[in-house]
Amino acid sequence: MRRWAPLLAALVLVAGCSDTVGGQSQPSKLTPLPSPPSKSSTTTSSAPVPTAAPAPGTPIAEVTAWIAAGEPADASAFHTASRDASDTDLGDDIAFTTPSGKTRCATMSSYTNALMCVVELKNPPPKPADLETHWAGGWVDFDGRSLSVGSPHGDPGPFANGDGPQLPYGQSLKFGEYQCRSDEAGLYCTTDAHESAARYSDAGIEAFGCLKSVPAPADIGIQFSC
């Protein structure tokens, strides 16, 4: 009996690895492994960029996407300001105006990191009663973390050099951490460092993102802060 044991074990092994069909031994059928999921099924499309200028209350992500989607302007063309047919090289600073001429903006890196703009507001904040210095109701300072409208200015600051070139409607100008897009609805500016943006127009200044209205200091007309 012992000499038949190896043979019996081999027959049992063969039987376990095959199916019997019609009395004959057939190889076992292997179950195919499931196919890996298609990569295309997991791909998500990004939200479309709005075509119209952002309205008040638009989420900051949509505002910054709309600004960035503008036609890129050549920043090298905005390093000069002009006054009375005289040009001033601004170095690394920039200056520009909107096509309507109602908003003028400039940087003055030797003095502040903020973008300074003067807007011909229809209803600028009034001059504080006890302020003796010259009041600029349409002066807007924006540094990403704060936005102020109306402040005292005894001198024209960066605008002493005149105004920069026009930023045509539909074009987007990127400089430093700022990016601005000109539109008939107003000038829109944002920063890379903060989730905030501002719209400048003669109808008023609109804040987006983390900027919220806060009580203004005694020498400031309107104040927004993150």
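Values for this structure:
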{"quantity": "The one condition in (1) among the acidic types (Asp, Glu); (2) surrounded by fewer than 17 Cβ atoms within 10 Å (Cβ to Cβ); (3) part of a loop (DSSP other than H, G, I, E, B) that ASP87 fails to fulfil", "calculated": "(3)"}
{"quantity": "Test for LEU115: is it in contact with a strand residue (DSSP E or B) (Cβ under 8 Å, 6 or more places away or on another chain) and under 23 Å from THR191 (Cβ atoms)", "calculated": "yes"}
{"quantity": "Hits in the stretch 110-129 (condition: without any contact (Cβ under 8 Å) to a residue 60 or more places away in the chain and more than 20 Å from the chain's Cα centre (by Cα))", "calculated": "SER110, TYR111, THR112, VAL118, LYS127, ALA129"}
{"quantity": "Residues located in the stretch 188-210, provided they are under 14 Å from the mean Cα position of the chain (by Cα) and in contact (Cβ under 8 Å) with a residue 60 or more places away in the chain", "calculated": "TYR188, CYS189, THR190, GLU195, SER196, ALA197, ARG199, ALA207, PHE208, GLY209, CYS210"}
{"quantity": "Extreme residue, farthest from the chain's Cα centre (by Cα), among residues of the stretch 89-108 that are of a type in the set (Asp, Glu) and within 14 Å of ALA160 (Cα to Cα)", "calculated": "ASP89"}
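A short reminder: the numbers here are calculations on the coordinates, not readings from a lab. All of these numbers come straight from a predicted model, not from anything done at the bench. For neighbour counting, all protein chains shown are included, and Cβ atoms are generated from backbone atoms with ideal geometry for every residue, glycine included.
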